[in-house]
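Engineer: One structure, pasted below without further comment.
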Amino acid sequence: CYFSFFTSMIYILDFDGVVFDDQRFKKDFRRVFTDHGITHEAYENTYHDAKEARKGTYELDTHLKIIAAEYLTIDHKALRKNIMALAAHSRRYIFADAKTFLADAQKKRHMLFLVSAGDSVFQKEKINASGISSFFDDIAITNVSQKSFVIDEMKKNIGAREIVFIDDNKEVLDDIKKHHPSIKTVQMARTNRTPRSASADAYIKSFSEIN
């Protein structure tokens, strides 16, 4: 394994791609749109427009407003209802190794924090329904560019204890290492397609590599 920690640690984790199988969720998410008559091309175009409208951060209601304006025959209220129904089943998308790790870390009295980027409303729904909220001492939902700031605020409250940050996004990891060089950064690369961070202290494919 890459790390073996025996003293009380602080772990700061990302959600999508780290503890939550966002790739499998996205396939089911897109399928909801398809079931409501939104073609793959229309989905991709409106998804892109929604992110552009929010300066790179996806927000579900912005996406649905764009669809409602461009596709008048779509029942966007029913679409939103079915999307939220999908989010309510987020528990099924939690990686098994992540839940094992969280339970073990809690048992060892490590502090656990979740810092997730995304739509504050939709992401909160997913996290709350995932069944893992109780493992964390605190949960923050922000955008990608603000993760370093959120962690800086967390550090003020948790003191000078050793911190391990685990994320799958290379840009986020490089930014955290740049602004917080003392934090141990670990890239979760569950697939070989994950762009590698040049600055991460370690690379893992699952939480089973940490004990």
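The values are calculated or read from the model by the stated rules, or taken from the named source; none is laboratory data. Note that the coordinates shown come from a computational prediction; the quantities given were computed from them, not determined experimentally. Here the Cβ positions follow ideal geometry from the backbone for every residue, glycine too, while neighbour counts run over all protein chains shown. Surface accessibility is based on the protein's heavy atoms, side chains included, excluding ligands, DNA and RNA. Shrake-Rupley method; radii C 1.70, N 1.55, O 1.52, S 1.80 Å.
Results for (1) open to solvent by 60 Å² or more (accessible area, probe 1.4 Å); (2) assigned to a strand (DSSP E or B); (3) within 20 Å of Leu102 (Cβ to Cβ), shown as yes or no for each residue.
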{"site": "Gln146", "(1), (2), (3)": "yes, no, no"}
{"site": "Ile151", "(1), (2), (3)": "no, no, yes"}
{"site": "Met154", "(1), (2), (3)": "no, no, yes"}
{"site": "Ile166", "(1), (2), (3)": "no, yes, yes"}
{"site": "Lys177", "(1), (2), (3)": "no, no, no"}
{"site": "Pro181", "(1), (2), (3)": "yes, no, no"}
{"site": "Ser197", "(1), (2), (3)": "no, no, no"}
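Engineer: Quick check: anything in the range 4-18 closer than 30 Å to Ser182 by Cα, out of contact with any strand residue (DSSP E or B) (no Cβ under 7 Å at 6 or more places or on another chain) and hydrophobic (A, V, I, L, M, F, W, C)?
Structural biologist: yes
Engineer: Go through (1) over 24 Å from Ala88 (Cβ atoms); (2) not in a strand (DSSP E or B) one by one and return the number of the condition Gly131 breaks.
Structural biologist: Answer for Gly131: the failing condition is (1).
Engineer: Of Arg30, Arg24, which residue is surrounded by fewer than 18 Cβ atoms within 10 Å (Cβ to Cβ) and farther than 30 Å from Asp201 by Cβ?
Structural biologist: Exactly one residue qualifies, and that residue is Arg30.
Engineer: So, one more: Just give me the residues in the range 105-121 being crowded, with 19+ Cβ neighbours inside 10 Å, in contact with a helix residue (DSSP H, G or I) (Cβ under 7 Å, 6 or more places away or on another chain) and more than 15 Å from Asp167 (Cα to Cα), in sequence order.
Structural biologist: If the condition is that a residue be crowded, with 19+ Cβ neighbours inside 10 Å, in contact with a helix residue (DSSP H, G or I) (Cβ under 7 Å, 6 or more places away or on another chain) and more than 15 Å from Asp167 (Cα to Cα), then Asp119 is the only one that fits.
Engineer: Working carefully through the options Ser199, Ser182, find the one that is of a type in the set (Ser, Thr, Tyr), modelled with pLDDT of 90 or more, in contact with a Lys or Arg (Cβ under 7 Å, 6 or more places away or on another chain) and farther than 16 Å from Ala105 by Cβ.
Structural biologist: One residue alone meets the criteria, Ser199.
Engineer: Any residue in the range 28-51 that's at positive phi: show its pairings with residues that are among the hydrophobic types (A, V, I, L, M, F, W, C) at Cβ separation under 8 Å, as long as the two are six or more apart or on different chains.
Structural biologist: As it stands, the answer is Gly37/Ile74, since those pairs meet every condition given.
Engineer: Another question, then. Residue by residue through the range 170-190, note down the ones that are farther than 23 Å from Lys155 by Cβ and without any contact (Cβ under 8 Å) to a residue 60 or more places away in the chain.
Structural biologist: Matches in the range 170-190: Ala189 only.
Engineer: Here is a check on your reading of the model: is Asp138 open to solvent by less than 20 Å² (accessible area, probe 1.4 Å) and under 16 Å from the mean Cα position of the chain (by Cα)?
Structural biologist: Judged against the criteria, Asp138 is not a match.
Engineer: Taking the range 49-83, which residues are open to solvent by 90 Å² or more (accessible area, probe 1.4 Å) and either closer than 17 Å to Phe122 by Cβ or under 21 Å from the mean Cα position of the chain (by Cα) (or both)?
Structural biologist: Glu52, Arg54, Lys55, Lys65, Lys77, Lys81
Engineer: Considering only residues that are of a type outside the set (S, T, N, Q) and part of a strand (DSSP E or B), look in the range 99-118 and name the one that is farthest from the chain's Cα centre (by Cα).
Structural biologist: Restricting to residues being of a type outside the set (S, T, N, Q) and part of a strand (DSSP E or B), the top hit is Met111.
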